[in-house]
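Can you read through this structure? Questions will come right after.
The values are calculated or read from the model by the stated rules, or taken from the named source; none is laboratory data. Everything numeric here is computed off the predicted structure, so don't read it as measured data. Cβ placement follows ideal geometry from the backbone for every residue including glycine, while neighbour counts extend to all protein chains displayed. These accessible areas exclude ligands, DNA and RNA; they are computed on the full protein's heavy atoms, side chains included. Shrake-Rupley method; radii C 1.70, N 1.55, O 1.52, S 1.80 Å.
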Amino acid sequence: SYRSSNTYHNSTHAADVLQASACFCRSRCMENFLDPTDFLALLIASICHDIDHPGRTNAFLCSVSHELAIMYNDSAVLESHHSAVTFKVTCQSAEQKNVN
């Protein structure tokens, strides 16, 4: 989920990055480098790269001892959080749809 209160790292930004990534990967210079699985992984990463972004930098979160900085031990805080939320959403979706 994206935070609508975040003026930049929101669902519009995710859609923009998704579209740019898809166009780049469909270009002639890239057409021989990605198999369909890699292409799908890149599209998922494009959509989720800033999921649930709090609107602050890693440095800020660490300096104020934000709960995310504490959870991820001041190391790649936002990157770890985006990844964790992506896996959580993916797993919830699979359970809701009874996908194994």
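Averaged per residue, what accessible area in Å² does the range 16-93 show with a 1.4 Å probe, protein chains only?
Values: 5130 Å² over 78 residues.
Accessible area per residue, the range 16-93: 66 Å².
Further, regarding this structure: For the chain, which GluC sites (Glu not before Pro) are both in a DSSP coil and crowded by at most 10 other Cβ atoms within 10 Å?
On the way: sites: 31, 67, 79, 95; in loops: 31.
Hits after loop and neighbour filter: 31.
Would you work out what percent of the accessible area of the range 1-41, with all protein chains in place, is carbon or sulfur (probe 1.4 Å)? Don't jump to the answer; show the numbers that get you there.
Numbers: 1810 of 3180 Å².
Its accessible area is 57 percent carbon and sulfur atoms.
Next question, about the same structure. Quick check: residue separation of residue 30 and residue 60 times 0.36 nm, minus the Cα distance between them. What number comes out in nm? Show your work: numbers first, answer last.
Details: separation 30, 0.36 × 30 = 10.80 nm, distance 3.66 nm.
So the chain would gain 7.1 nm between residue 30 and residue 60.
Longest segment of the chain with no chymotrypsin sites (Phe, Trp or Tyr not before Pro) in a DSSP loop having at most 10 other Cβ atoms within 10 Å?
Working: sites that count: 8, 33.
Result, exposed sites excluded: 34-100.
In nm, what is the difference between 0.36 nm times the number of residues separating residue 74 and residue 92 and their Cα-Cα distance?
Numbers: separation 18, 0.36 × 18 = 6.48 nm, distance 2.69 nm.
Contour length minus Cα-Cα distance gives 3.8 nm.
Right, here's the next one. Roughly what would the spin-label model give for residue 20 and residue 3, points 7 Å off Cα along C-beta, in nm?
2.2 nm
For the chain, count all C-alpha to C-alpha pairs, find those more than 23 Å apart, and express that count as a whole percent of the total. Intermediate values should be presented prior to the final figure.
Details: 1908 of 4950 pairs.
Above the 23 Å cut-off, the chain has 39 percent of its Cα pairs.
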